[in-house]
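This report concerns only the one structure given below.
Any read-out appearing in this document is the output of simple, stated calculations on the displayed coordinates, not a laboratory observation. In this text, all values refer to a predicted model and were calculated from it rather than measured experimentally. Note that we place each Cβ from the backbone using ideal geometry, even for glycine, and neighbour counts take in every protein chain shown.
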Amino acid sequence: MIKSDAQRERTAAQIEGFQQALAKVAQDKPAKRSAAIRGSYESMIRQLEDELHEYDLLKSGELALPHIERLDQIAPFIARIRIAKGVSQTELARRLGVSKQVISRYEENEYQTVAIPRLQEILDVIGIKADVTLSA
């Protein structure tokens with residue numbers, strides 16, 4: 001998943017590199033090996049393009065939040081929520097009083113190692129209200 005504009009630019013450059021490599025392989029004689037390489041490049045291009053598309057949708061503010069039944073299911077959505085709310089990693093770090101590297105580490109692990117009070121603080125500063133219902 002792309003989590004910053006810098007990562008988006010690197011991903012776009014990677015796509016361009018794979019497209020150039022694909023064009024070069026396409027010039028070669030058809031062979032089983034070159035067909036496998038083409039397939040690999042095409043697959044990687046599709047995957048990277050999907051990531052770009054998701055990031056661009058999030059940046060436009062489009063985000064459908066799923067129904068979450070457990071607190072441990074929130075963490076993987078934090079970066080998506082942050083992006084959709086237009087908050088950069090740098091801005092989130094500033095609001096929390098931590099360095100951007102701390103946010104980068106959180107997001108590398110999809111917030112899985114962050115304590116619940118910190119997750120709540122993050123949701124608060126990006127403007128997301130969480131309703132929790134306990135049932136027995």
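Can you pull out every residue in segment 49-82 that is within 14 Å of Ala130 (Cα to Cα) and among the polar types (S, T, N, Q)? Answer for segment 49-82, where residues must be within 14 Å of Ala130 (Cα to Cα) and among the polar types (S, T, N, Q): just Gln73.
Selection of first residues in segment 43-61 that are in contact (Cβ under 8 Å) with a residue 60 or more places away in the chain and of second residues that are of a type in the set (Asp, Glu) and not in a helix (DSSP H, G or I), restricted to Cβ pairs under 7 Å at least 6 apart or on distinct chains, gives an empty result. Of the residues making up segment 2-45, those that are surrounded by 14 or more Cβ atoms within 10 Å (Cβ to Cβ) and over 30 Å from Leu58 (Cβ atoms) are Val25, Ser34, Ile37, Arg38.
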